[in-house]
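*Asks:* Below: one structure in structure tokens.
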Amino acid sequence: MPSLKELRGRITGVKSTRKITGAMKMVAASKLRRAQIEAEAARPYAATMRRMMSEVATASQGMDPSTLPPLLAGTGRDDVHLLVVLTSDRGLAGGFNANIVRLARRKIGALKAEGKTVRLLPVGRKGGEVLKRYYPDLVVDVLHNDAGAQEGAYSLAQKLAKQVVALVNSGEVDACSLLRNRFVNAMTQLPEALGLVPLPVAKNDNAEKSADAASYEFEPDEATLLTQLLPRNLEVQFYSAILESAAGEHGARMTAMDNASRNASKAIERLSLKYNRTRQANITNELIEIISGAEAV
């Protein structure tokens, strides 16, 4: 049985931990609101851009793939797949990073089972460390996800887009997908995979909508417009994903720290009860010794 001194030390230690987790919860909650506003503000533009480019991909289905930009139709092969895995630089966020890494490992297993070659571009130290440990030969580069503000997020998105464009245009990779957490609310972040290269074909409910979506006139010419739009689309998709990930990270950390604080409070209650029982037992033993000694005299 632990002594009273040991129990007092453990209670003090758990109380200190509760103070830390409570402070981290408050910091995450204060950052969550702004991150959520930024993520929700970026969604409509990213969704519209993605839909428009998907319709362009639909309109180009009848054209010769060799005449289309690789970012639109791919390289013409389907051998090498690049997975951009978006996690965070910091932990203590529950299963936020683990869920994305788990999704990445499933995706890697499925692609390898089809005979594909996989390349990894982790964004975020936590995901990068795990993926480098499991797949050291597949990792192309590891980028830090230290985008604390909108400016930092867009700079990171531009850097990511440049790397992907360079890899696709050089023919080193044939397809690219983004694995990220989609922010739903503070308690829910959904891991999902988005296809970026080649652009996914727009799905329409009927033939009339499909015909409308395929009707495009380009001004200036197709090649000039797509050369500008396709890299910009990548930047926008990465930017939106980084903002979604940041909001999800703060929400996951707030929830994890709230659970940790609750568990610390329960642990303090259990330790305090044990401390009081031990103290009462010691007092009873001392009284018994005193009474026994008095009777002996």
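The values are calculated or read from the model by the stated rules, or taken from the named source; none is laboratory data. Quantities reported herein were computed from a predicted structural model and do not represent experimental measurements. Positions of Cβ are backbone-derived with ideal geometry, glycine not excepted, and every protein chain shown enters the neighbour counts.
*Asks:* How many residues are of a type in the set (A, V, I, L, M, F, W, C) and in contact with a Lys or Arg (Cβ under 7 Å, 6 or more places away or on another chain) when one looks only at segment 239-258?
*Replies:* Residues in segment 239-258 being of a type in the set (A, V, I, L, M, F, W, C) and in contact with a Lys or Arg (Cβ under 7 Å, 6 or more places away or on another chain): 3 in total.
*Asks:* Could you figure out which of (1) farther than 24 Å from G76 by Cβ; (2) polar (S, T, N, Q); (3) touching a Gly at 6+ places or on another chain (Cβ under 8 Å) isn't true of S155?
*Replies:* (3)
*Asks:* Do any residues in segment 169-193 that are at positive phi have Cβ atoms under 8 Å from those of residues that are among the hydroxyl-bearing types (S, T, Y), where the two are at least six apart or on different chains, and which pairs are they?
*Replies:* G171/T75
*Asks:* Sticking with this one: Output the number of residues of segment 166-178 satisfying the condition of being touching a Pro at 6+ places or on another chain (Cβ under 7 Å) and surrounded by 24 or more Cβ atoms within 10 Å (Cβ to Cβ).
*Replies:* Filtering segment 166-178 down to residues touching a Pro at 6+ places or on another chain (Cβ under 7 Å) leaves 168-169, 175.
Narrowing further to those that are surrounded by 24 or more Cβ atoms within 10 Å (Cβ to Cβ): 168.
Matching residues across segment 166-178 total 1.
*Asks:* Given the criterion basic (K, R), modelled with pLDDT of 90 or more, within 23 Å of P200 (Cα to Cα) and under 21 Å from the mean Cα position of the chain (by Cα), identify the matching residue among R106, R102.
*Replies:* None of the other options fit; the residue is R106.
*Asks:* Select from segment 31-46 the residues that are of a type outside the set (D, E) and surrounded by 14 or more Cβ atoms within 10 Å (Cβ to Cβ) and list them in ascending order.
*Replies:* K31, L32, R34, A35, Q36, A39, A42, R43, A46
*Asks:* Pairs please, first residue from segment 248-270 and under 21 Å from E192 (Cβ atoms) and assigned to a helix (DSSP H, G or I), second anywhere and among the acidic types (D, E) and modelled with pLDDT under 95, Cβ atoms under 8 Å, 6+ apart in sequence or on different chains.
*Replies:* Pairs found: none.
*Asks:* From E249, E289, grab the single residue that is more than 30 Å from L68 (Cβ to Cβ) and either surrounded by 12 or more Cβ atoms within 10 Å (Cβ to Cβ) or basic (K, R) (or both).
*Replies:* Just a single option satisfies the conditions, and that option is E249.
*Asks:* While we're looking at this one, here's another question. Just checking, which of L243, L226 is assigned to a helix (DSSP H, G or I), at pLDDT 90 or above and buried (at least 17 other Cβ atoms within 10 Å of the Cβ)?
*Replies:* Matching residue, one of L243, L226: L243.
*Asks:* Separate question: How about segment 1-30: which of its residues are of a type in the set (D, E, K, R) and either surrounded by 18 or more Cβ atoms within 10 Å (Cβ to Cβ) or free of Cβ contacts under 8 Å to residues at least 40 places away in the same chain (or both)?
*Replies:* Matches in segment 1-30: K5, E6, R18, K19, K25.
*Asks:* Looking at segment 166-179 only, could you name the residues that are closer than 16 Å to L199 by Cα and assigned to a helix (DSSP H, G or I)?
*Replies:* Within segment 166-179, L167, V168, N169 qualify.
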